[in-house]
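The values are calculated or read from the model by the stated rules, or taken from the named source; none is laboratory data. Since we're looking at a predicted model, the values are computed, not measured. Heads up, the Cβs are rebuilt from the backbone with ideal geometry, glycines too, and the neighbour counts pull from every protein chain shown.
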Amino acid sequence: MCGIVGIVRRRLGVARDLIRSLKKLEYRGYDSAGIAVMSDGDIEVVKGVGTIEAVVGDAKIRDGYVGIGHTRWATHGGVSPENAHPHLSCNGEVAVVHNGTLDDFEGMRRELIAKGHVLHSETDTEVVAHLVEGNLKSGDKPLSAFVKAIKKLKGSYAIVSIISGERALFLARNKSPLVIGLGEDGNYCASDVAALLHLTNRFIFMDDGEIALLTPSEVEIWRLNGDSLEKVHKETEEVEWTPQLLDKGAFDHFMLKEIHEQPHILRKIAESIDYYTRFSERLNSLLRDGSLTIVAAGTSYHAGLIGKYLLSKLAGVRSEIIVASEFPEWSSHLRQGDIVLAISQSGETADVLEAVRIAKSKGSKVVSIVNVPGSTLTRISDESIFIQAGPEIGVAATKTFSAQVAVLYVVSSLISGRSGISRELTEVSELLRGSMDSLDEFSKKMSDLLKDKEHVFFLGRGINYPTALEGALKLKEISYIHAEGYPAGEYKHGPLALIEEGTPAIMLVPVNEELRKKTIYNIMEVRSRGAFTITIQPRGMEIPADASLETDAWDELISPLIYTVPLQLIAYHTAVILGRDPDKPRNLAKSVTVE
Ligand code: F6R
């Protein structure tokens, strides 16, 4: 995963801004960090294991005109100071940061060592610095030394390099994100726009196979075409996000802030029905020519399951859904004219992007639902729409799940020709806004009960079966308590054996009467075997349970938007009680850019 950043400017002062940018990228990886800064020709590096604050926060680094930075989520090589980026060449005149994974780098390592290079890390990245150095020594000019090195690489990479004596950033991108920011006194680059919002809101989005040279006053971009470089002209795009959106404000964690933003986001979506109409019409017309397959990963996959349900229930549209990492194996049936709907918060998830590439190679049309502007998915899709949730910093997806569900609700409703969508979403928004405090209070109490448990089960039916999956994912990823989501009726076909005295079962009770009756049987089944049952349910229903949260959910189809919030809060408070950082769960990174 990893986050990278580069700054080149006319005046001194890059170090402070590199660190600010890196802090915004910390969600992409946080096992080690580093920066390299150049002022009078010498490159100075500070790097190590730990958070950005710990490693470079108060680094006594000489300031400079050009610099690069990196925050790491280890792939090649363990977590160690040597493996932290930036990596330097033997003579210290080339520094490189990289996000991605290089194939066959072992061969290049051996070759470099045979030529007398001394490599200090186990990473794939370090070879790039040595390749550039080798080319410079052979007499190449800096840009051509960099380009020649890039031509040797296979795999995924977003690479930024600085070269001693050059007030410039050398960039290359293939299958890993890299955006260019345009400023008044210099130019910048980073893994995503959020990292540069404190510097600019004007961006150029690089595509795969492109190389760029950034100086304080110029941006030049080329496309690598076989052995030749073709100059490309790219449009500058303005991004509406502001740096204020990246602030935690009065909240203890980003996750809590993002959970609380949900009423506002739902209202925003409710007010944007016109924006979603064109996309829905386009999707509807494509549906005449081919079948629909949804693809997504993690939380977005759960939203996709709800989307599948809504498309079927509301619009009579048949679709299938494939989890992104399995798409290559399960998509043999795709044909020319079929439609793939990709759902992704980041728009950078490698499994999703690979699925899209496969779909396109078969002649399928790709439409996508995305949060991050300019992300790769939006660039390779035939059509995309944004969920308008703003930047999500907490590693656990919360507000973007609700926004994805709301957008899928809008799109399904528009395809079906239903009216009143805006009113319904506004009502959900108001309902949530008015009940945040009581949801929080209930969730805190439940977290206190759950904190000592080994297993927690989440059971739901119909549209709330994916909500149960999402509740379980949230709890396990940030509290590290084992949690499983299951269809309530399927539970008796095996997992019921796991229920012991006191095992918590969180039951999502349907609004629909028929479904509710069946769920009540399921509640009895687990209770009679000793489960501690917690229900999240419509108000005023007599339901046997050890603890209940009564909600004002009035309709089955909008209930996931309401039931999800207490599940997110339960996960959040459980993690906090257990002393775990909900914003940075162990082993995880927000944007999973490796397959
Ligand atoms: C869980 C979570 C992940 C992501 C998954 C897909 O809280 O955040 O499961 O949902 O990695 O990410 P996107 O939606 O960016 O494709």
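Overview of values
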| quantity | calculated |
| --- | --- |
| When residues of segment 16-50 are limited to those that are among the small types (G, A, S) and in contact (Cβ under 8 Å) with a residue 40 or more places away in the chain, the one nearest to N187 (Cα to Cα) | S21 |
| Residue ID - nearest to the ligand (Cβ to nearest atom), chosen from residues in segment 353-371 that are in a helix (DSSP H, G or I) and among the charged types (D, E, K, R) | E354 |
| Selection from segment 51-97 of residues that are acidic (D, E) and in contact (Cβ under 8 Å) with a residue 24 or more places away in the chain | E53, D63, E82, E93 |
| Residue in segment 457-471 that is out of contact with any Cys (no Cβ under 6 Å at 6 or more places or on another chain), under 20 Å from I577 (Cβ atoms), aromatic (F, W, Y) and not assigned by TED's automatic domain parsing to the domain that holds K313 present | yes |
| Residue ID - nearest to S32 (Cα to Cα), chosen from residues in segment 98-139 that are free of Cβ contacts under 8 Å to residues at least 40 places away in the same chain and in a loop (DSSP other than H, G, I, E, B) | H120 |
| When residues of segment 294-332 are limited to those that are of a type in the set (D, E, K, R) and closer than 25 Å to I421 by Cα, the one surrounded by the fewest Cβ atoms within 10 Å (Cβ to Cβ) | R318 |
| Qualifying positions in segment 178-195 - out of contact with any strand residue (DSSP E or B) (no Cβ under 6 Å at 6 or more places or on another chain), in contact (Cβ under 8 Å) with a residue 24 or more places away in the chain and either part of a loop (DSSP other than H, G, I, E, B) or among the polar types (S, T, N, Q) (or both) | G183, D192 |
| Condition broken by T349, with the remaining ones in (1) modelled with pLDDT of 95 or more; (2) within 11 Å of the ligand (Cβ to nearest atom) satisfied | (1) |
| Long-range neighbours under 7 Å by Cβ, at least six apart or interchain, first residue among the aliphatic types (A, V, I, L, M) within segment 307-331, second assigned to a helix (DSSP H, G or I) and within 14 Å of the ligand (Cβ to nearest atom) | L310/L408; I321/G304; I321/L305; V323/Y301; A324/D351; A324/V352; A324/A355 |
| Residue list for segment 494-530, restricted to those being without any contact (Cβ under 8 Å) to a residue 24 or more places away in the chain and outside any helix (DSSP H, G or I) | G494, S528 |
| In segment 404-428, the residues that are buried (at least 23 other Cβ atoms within 10 Å of the Cβ) and of a type outside the set (V, I, T) | Q404, A406, L408, Y409, S412, S413, L425 |
| So E383, is it within 24 Å of R278 (Cβ to Cβ), under 21 Å from the mean Cα position of the chain (by Cα) and away from the ligand (no atom under 16 Å from the Cβ) | yes |
| Matching option when the condition is touching a Gly at 6+ places or on another chain (Cβ under 6 Å), touching a residue at least 40 places away in the same chain (Cβ under 8 Å) and not assigned by TED's automatic domain parsing to the domain that holds G181, among G290, G298 | G290 |
| Neighbours by Cβ (under 8 Å, 6+ apart or cross-chain): first from segment 471-493, at positive phi; second surrounded by fewer than 19 Cβ atoms within 10 Å (Cβ to Cβ) | Y480/L578; Y480/R580; Y480/R586 |
| Subset of segment 360-374 that is buried (at least 24 other Cβ atoms within 10 Å of the Cβ) and either aliphatic (A, V, I, L, M) or not assigned by TED's automatic domain parsing to the domain that holds A397 (or both) - its residue that is nearest to Y276 (Cα to Cα) | I369 |
| Counted residues, segment 133-158 - those being over 21 Å from A190 (Cα atoms), among the aliphatic types (A, V, I, L, M) and within 34 Å of the chain's Cα centre (by Cα) | 1 |
| Near pairs, Cβ below 6 angstrom, 6+ apart or cross-chain, from segment 577-590 (within 24 Å of T349 (Cβ to Cβ)) to any residue that is among the aromatic types (F, W, Y) | P582/Y572; D583/F254; K584/Y30; A589/W73; K590/Y27 |
| Of the criteria (1) exposed (fewer than 13 other Cβ atoms within 10 Å of the Cβ); (2) outside any helix (DSSP H, G or I); (3) not hydrophobic (A, V, I, L, M, F, W, C), which one R223 fails | (1) |
| Failed condition for S438, given (1) surrounded by fewer than 19 Cβ atoms within 10 Å (Cβ to Cβ); (2) in contact with a His (Cβ under 8 Å, 6 or more places away or on another chain) | (2) |
| Given (1) within 13 Å of the ligand (Cβ to nearest atom); (2) on the phi > 0 side of the Ramachandran plot, number of the condition G374 does not satisfy | (1) |
| Helices (runs of 4 or more DSSP H) (entirely within segment 254-352) containing at least 3 residues that are in contact with a Ser or Thr (Cβ under 8 Å, 6 or more places away or on another chain) | 254-260, 262-270, 298-315 |
| Odd one out for E484, checked against (1) in a helix (DSSP H, G or I); (2) touching a helix residue (DSSP H, G or I) at 6+ places or on another chain (Cβ under 6 Å); (3) outside the structural domain of L314 (by TED's automatic domain parsing) | (1) |
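Results for (1) modelled with pLDDT under 90; (2) more than 23 Å from the chain's Cα centre (by Cα); (3) over 29 Å from A396 (Cβ atoms), shown as yes or no for each residue.
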position	(1), (2), (3)
I4	no, no, no
R10	no, yes, yes
R28	yes, no, no
S32	no, no, no
I61	yes, yes, yes
V66	no, yes, yes
H70	no, no, no
